[in-house]
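For reference, the structure is listed below as structure tokens.
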Amino acid sequence: MKMTRRGFVGTVGLGSVAGLLSSTGLTSKNANAASNYEAEAVYDGGIMQLNQNESARGPGPKTLEAIRSHVTKRLGRGYAPDHVNELRETLADYYGVTTDNVILATGSGPLLVGAARAFCSESKPLVTTGPTYTTAEQTARRIAAPIRSIPVNSSTMGIDLDDMAEAAVGAGMVYFCNPNNPTGTVHSPEAVESFIRRVQRESPNTKMLIDEAYINYVFDEAMQTALPLAMEFENVFITRSFSKAHGMAGLRVGYALGQQQTLAAVSGAWGMGDVNMLSAIAAITAFNDKEHIDWERQENAEIRAIVVAAFNAMGFEVADSHTNHIFVNLGRPAKEFRDACLEHKILVGRDFPPFENTHCRISMGSREEMQKAVEVFRKVLA
Ligand SMILES: Cc1ncc(COP(=O)(O)O)c(C=O)c1O
């Protein structure tokens with residue numbers, strides 16, 4: 001079933017919607033912006049997908065309009081697709097770098113594969129965290145590069161950056177996901193900077209990939225981009241994704257920022273795919289629509305706060321999340337919870353060792369979805 005907010009209001013009337021949502025706290029302080037924007041609750045195949053950290057709301061209205069208005073016969077011409085260079089220029093101008101400091105990819109996934117292939121090998125280990133996003137680790141395993149995985153701190157769920165720095169000595173590359181998936185935790189600009197300077201000093205041949213896929217969900221005081229450090233050190237580069245707060249997972253756009261020779265090594269090691277013209281115009285529009293991103297960040301934060309409060313009220317602890325997902329200590333195997341939720345047509349996150357017997361990752365859906373999901377969580381955890 002697919003129900004839009006507009007359709008839902010039309011069916012049951014504004015007053016009853018307000019009553020229904022406020023009874024769970026799922027009404028919007030962000031309502032003015034929300035009224036301009038039709039947030040869709042997407043139940044794919046009847047299953048609510050809270051398992052992949054995609055966007056429940058999809059691209060903003062301006063982005064959707066830009067895509068629609070570019071669906072013309074011009075799409076017949078695309079081997080030198082319109083708007084792809086413009087996207088690179090848009091990103092470079094905004095960040096105050098040159099287009100040589102930007103590479104595009106069909107999602108940030110290929111960048112992570114290329115990076116591990118470029119900088120790790122049988123004699124050059126990958127340093128990563130457990131749990132974290134695993135593409136770099138899977139790639140290292142495929143090319144038989146040793147893996148040094150530093151467990152997150154089991155009480156704060158933060159990454160132990162001192163242990164990571166020690167493990168980095170002699171490594172080919174460090175993968176540092178900030179904010180981290182699945183824990184949602186962030187590291188402050190000061191912590192990131194002192195980590196990077198230490199690794200640079202103690203292991204000058206080690207590359208450092210800072211994955212900022214979720215940065216648009218973070219409020220400035222909690223963390224900032226490592227881009228200035230990437231422009232200072234050839235060893236440091238960052239990756240970004242349009243799949244999360246920009247709501248464009250289905251359009252496959254990601255990019256890396258860093259020094260030219262570092263990015264050239266990444267794109268030389270693995271195919272980055274070709275960003276197509278519809279994805280490029282969508283990405284330019286989404287990137288420039290700062291008002292929508294601000295709304296999306298606020299909307300996500302409000303929904304997340306309500307869901308976290310619901311888990312806390314049930315007696316479960318949630319790691320301090322700055323993303324569109326939460327990592328909840330349910331004190332039982334994630335599989336047990338996942339199977340129980342699936343009986344109610346809700347899909348939650350996979351196992352994340354070493355926390356598969358206690359924690360589950362839950363992606364944040366729309367307000368409507370999370371209202372329903374919280375009721376199900378209460379039921380299955382009772
Ligand atoms: C931390 C992180 N990095 C990268 C990706 C890859 O995303 P995409 O290839 O859609 O840009 C994901 C996807 O979930 C992720 O969580």
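The values are calculated or read from the model by the stated rules, or taken from the named source; none is laboratory data. As the structure is a computational prediction, the values presented were derived from the model and not from experiment. Because the Cβ atoms are built from the backbone with ideal geometry, glycine has one as well, and the counts that use them run over all protein chains shown.
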Pairs, first assigned to a helix (DSSP H, G or I) in the range 64-77, second surrounded by 10 or more Cβ atoms within 10 Å (Cβ to Cβ) and β-branched (Val, Ile, Thr), C-beta under 7 Å, six or more apart: Ala66/Ile281; Ala66/Thr285; Ile67/Ile281
Matching residues in the range 161-171 - criterion: being surrounded by fewer than 23 Cβ atoms within 10 Å (Cβ to Cβ) and either in a loop (DSSP other than H, G, I, E, B) or charged (D, E, K, R) (or both): Asp162, Asp163, Glu166, Val169, Gly170
Any hit, the range 294-303, residues being part of a loop (DSSP other than H, G, I, E, B) and either at pLDDT 95 or above or aliphatic (A, V, I, L, M) (or both): no
Counted residues, the range 111-126 - those being within 15 Å of Asn205 (Cα to Cα) and within 16 Å of the ligand (Cβ to nearest atom): 3
Hits in the range 212-235 (condition: touching a helix residue (DSSP H, G or I) at 6+ places or on another chain (Cβ under 9 Å) and either assigned to a loop (DSSP other than H, G, I, E, B) or at positive phi (or both)): Glu212, Val218, Phe219, Met223, Gln224, Thr225, Ala226, Phe233, Glu234, Asn235
Unique residue being at pLDDT 95 or above, surrounded by fewer than 17 Cβ atoms within 10 Å (Cβ to Cβ) and of a type outside the set (A, V, I, L, M, F, W, C) when the list is Arg338, Arg332: Arg332
Odd one out for Ala136 among (1) closer than 23 Å to Ala286 by Cα; (2) near the ligand (Cβ under 10 Å from one of its atoms); (3) touching a helix residue (DSSP H, G or I) at 6+ places or on another chain (Cβ under 6 Å): (1)
Selection count, the range 189-222, where residues are within 14 Å of the ligand (Cβ to nearest atom) and touching a residue at least 40 places away in the same chain (Cβ under 8 Å): 7
Index of the failed condition, Asn235 passing every other in (1) within 11 Å of the chain's Cα centre (by Cα); (2) away from the ligand (no atom under 16 Å from the Cβ): (1)
Residues (within 16 Å of the ligand (Cβ to nearest atom) and not in a loop (DSSP other than H, G, I, E, B)) located in the range 93-110: Val102, Ile103, Leu104, Ala105, Gly109, Pro110
Those residues of the range 143-160 which are part of a loop (DSSP other than H, G, I, E, B) and among the β-branched types (Val, Ile, Thr), in sequence order: Ile143, Val152, Thr156, Ile159
Tally of residues being in contact with a Phe, Trp or Tyr (Cβ under 9 Å, 6 or more places away or on another chain) and either closer than 26 Å to Phe219 by Cα or not β-branched (Val, Ile, Thr) (or both) across the range 239-273: 21
